[in-house]
């Protein structure tokens, strides 16, 4: 299993070089870029459906409203029955799956079918993504969604949305306290265009780094 660091792209390139030493430097750069994009633009998997970021923002958040309302109702009921502050402040996690976005990775490989095959083989063997929450488009968007507006009601701040890798991929969330490994439903408000949103990796630049 290869490790792809979404924050430090040079580390991702080093991993590709070590795992596939016979690759030409430029090709190693392209594969590293492609793998990075499969993670940054990972597909959200919710209720059996796949959602692209950012095109399917309204579709996904709208689909999640029913579950969030149910969780919120449970929190309100529990809060009325207990006076323990510690219990009331515990976050309630709602998870969304993440699947590597093969299409996003293949897009920068253009007509290089040999590299597309290698990319597919790498993903089939399993990939470990090391990342900060802001590295992944869906996590960035879900963290900033105004769920009270989307659901048209006040939702508890205890509800937290966590996107976790699955389908052959593993995620290691990098934070201030160290790495944290993560295995593998109303009118929705339009998302504000992110100022710090993850940018697609430019293949030529990665290739130049590899030379």
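Please treat every number below as a calculation from the coordinates, not as lab data. All of these numbers come straight from a predicted model, not from anything done at the bench. FYI the Cβ positions are ideal-geometry reconstructions off the backbone, even for glycines, and counts take in every protein chain you see.
List of remarks:
- Each of 1, 174 was scored by other Cβ atoms within 10 Å of its Cβ. Arranged with the fewest first, they read 1, 174.
- Volume per residue for the range 1-121 equals 142 cubic angstrom (convex hull of Cα atoms).
- Taking 170, 4 and counting other C-beta atoms within 10 Å, the order from fewest to most: 170, 4
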